[in-house]
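Colleague: Sharing a structure, written as structure tokens. Questions coming.
The values are calculated or read from the model by the stated rules, or taken from the named source; none is laboratory data. All figures in this text were calculated on a predicted structure; none of them were measured in a lab. FYI the Cβ positions are ideal-geometry reconstructions off the backbone, even for glycines, and counts take in every protein chain you see.
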């Protein structure tokens, strides 16, 4: 690509309206962000609420984001933050719910084995300290770089590294059966 | 690396085929009411908080309807938790008053007023903090608007009298009041570098007697903030089973010590955690291991987070932050 073409590409960037940005980003990222949130909060309904709120917040902020990359970074950050507060709200509410486990997951027609494995993995993720869980979800599911994870969680790259290694070690122990089993 | 790849495949694979319900219509319905914020405010904070708790409870009980179309029986306000924001309040440390960071519900302004606040929400500094150890130095009706101009946030004040320092305010407090605004709005708007004050469209040369001719970036965290600040639990948080406390500090060798005291002040649990760093001129996040409170009798306790005491009887004792927690 010539220099002139690069320049043209920059000026020709789509000038999306907030509504158009919402549609485009929803189409491209809704599923992945909900799945990310499920890894953090375990429950699908809660994850959908969290990500829905994040999209509404992104729409309200679009005039200051303007670029899809920035908007996606903002969405990730918001999903991580709101997943964290959703867990807090849930901790408060849980006292009313006696032994009610978060409704594991929907998908009545899912093969039982796959649903079981999902529960085992999500249980193991929930057993990790919050920041380790967040780092691993961003790394393993979204495949983000250390710098992107640091940005999404507002922590240093060194902290990302240490949460990742401690988290991975703990998760490997928790999931030992799955790792040596039928993968 | 192989180990890590297998683990990554297992984790990513566990959710890869999960198909969430479509929510685009619901999102659109919420964004099309001009100003999402206005919708939230208009709905009323307390009712919202209750509705949010009910919604979460429904999810817990497993009876959340999952449809691809928006559910007409469930208005959007029933599922939105109250929006939260960050505010810096003033509290006391052995070194004198300093700022503490707190996460608080956004205040509910008059909808017409809300439109004049773009990006930052200094209005939160007009509210009474939930933690009785904290206070704000700003009176009510101090702020008239906010806007972002490049990387400078302009804060429009509502009263020209705010130019002068009231007799009841020390010079140090006046500086802290200005820092309350700088820290709060810079935290709220990541792209903001500096803060400028204005009244009626004109720049203010001073606020509470503090010179504000130039856009202000504020002092270093370690100068204006308490070196120990609890993020979670919030004041009067209800905890049961176990909880993980989080916060920020700058303590010797990255150590933070915590303890839980009962109503008589007796220590019933204690421990420590390691923050992500120390030294430098900022604060570092810390997170405790899960704190098991299941053996404690239900009731009110104080969670205390404190920096290591290296004063050896000289100088100032370490900075501390506390929260009342309710164990159930």
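Colleague: Identify, please: which residue in segment B:1-36 is at pLDDT below 50 and surrounded by fewer than 20 Cβ atoms within 10 Å (Cβ to Cβ) and is, among those, nearest to the other protein chains (Cβ to nearest Cβ)?
Modeller: B:35
Colleague: Name the strands (runs of 3 or more DSSP E) wholly inside segment B:273-328 in which the number of residues that are closer than 19 Å to residue A:153 by Cβ is 1 or more.
Modeller: Qualifying strands (runs of 3 or more DSSP E): B:284-287.
Colleague: So, one more: Counting just the residues of segment B:287-328 that are within 14 Å of another protein chain (Cβ to nearest Cβ) and in contact with a helix residue (DSSP H, G or I) (Cβ under 9 Å, 6 or more places away or on another chain), which one comes out surrounded by the most Cβ atoms within 10 Å (Cβ to Cβ)?
Modeller: B:287
Colleague: Within segment A:83-126, how many residues turn out to be surrounded by fewer than 19 Cβ atoms within 10 Å (Cβ to Cβ) and modelled with pLDDT of 85 or more?
Modeller: Residues in segment A:83-126 being surrounded by fewer than 19 Cβ atoms within 10 Å (Cβ to Cβ) and modelled with pLDDT of 85 or more: 4 in total.
Colleague: Out of curiosity, is residue B:216 touching a residue at least 12 places away in the same chain (Cβ under 8 Å) and either within 14 Å of chain A (Cβ to nearest Cβ) or in contact with a helix residue (DSSP H, G or I) (Cβ under 7 Å, 6 or more places away or on another chain) (or both)? Lay out the reasoning, then the answer.
Modeller: Working: touching a residue at least 12 places away in the same chain (Cβ under 8 Å): yes; either within 14 Å of chain A (Cβ to nearest Cβ) or in contact with a helix residue (DSSP H, G or I) (Cβ under 7 Å, 6 or more places away or on another chain) (or both): yes.
It is true that residue B:216 is touching a residue at least 12 places away in the same chain (Cβ under 8 Å) and either within 14 Å of chain A (Cβ to nearest Cβ) or in contact with a helix residue (DSSP H, G or I) (Cβ under 7 Å, 6 or more places away or on another chain) (or both).
Colleague: Could you tell me whether residue B:235 is part of a loop (DSSP other than H, G, I, E, B), touching a strand residue (DSSP E or B) at 6+ places or on another chain (Cβ under 9 Å) and away from chain A (no Cβ under 14 Å)?
Modeller: So residue B:235 does not fit the description; no.
Colleague: Filter segment A:160-176 down to the residues that are without any contact (Cβ under 8 Å) to a residue 12 or more places away in the chain and either touching a helix residue (DSSP H, G or I) at 6+ places or on another chain (Cβ under 8 Å) or under 18 Å from residue B:289 (Cα atoms) (or both), then identify the one that is surrounded by the fewest Cβ atoms within 10 Å (Cβ to Cβ).
Modeller: Looking at the filtered set, the residue picked out is A:173.
Colleague: Out of the residues in segment A:62-86 that are facing chain B (nearest Cβ under 9 Å) and farther than 16 Å from residue A:152 by Cβ, which is nearest to the chain's Cα centre (by Cα)?
Modeller: A:86
Colleague: I need the full set of residues from segment A:163-183 which are part of a helix (DSSP H, G or I) and more than 8 Å from chain B (Cβ to nearest Cβ), in order please.
Modeller: Passing the criteria: A:163, A:164, A:165, A:166, A:167, A:169, A:170, A:173, A:174, A:176, A:177, A:180.
Colleague: Moving on. Condition check: surrounded by 20 or more Cβ atoms within 10 Å (Cβ to Cβ) and at pLDDT below 95. Does residue B:279 satisfy that?
Modeller: No, not satisfied.
Colleague: Something else: How many of the residues in segment B:267-286 are out of contact with any strand residue (DSSP E or B) (no Cβ under 7 Å at 6 or more places or on another chain) and under 17 Å from residue B:320 (Cβ atoms)?
Modeller: 0
Colleague: Among what's in segment A:142-159 and is without any contact (Cβ under 8 Å) to a residue 40 or more places away in the chain, in a helix (DSSP H, G or I) and facing chain B (nearest Cβ under 10 Å), pick the residue that is nearest to residue A:37 (Cα to Cα).
Modeller: Per the criteria, the residue is A:159.
Colleague: Answer yes or no as to whether residue A:138 is more than 7 Å from every other protein chain (Cβ to nearest Cβ) and in contact with a helix residue (DSSP H, G or I) (Cβ under 6 Å, 6 or more places away or on another chain).
Modeller: yes
Colleague: Assess whether residue B:181 counts as being touching a helix residue (DSSP H, G or I) at 6+ places or on another chain (Cβ under 6 Å), at pLDDT below 95 and crowded, with 18+ Cβ neighbours inside 10 Å.
Modeller: So residue B:181 fails the test.
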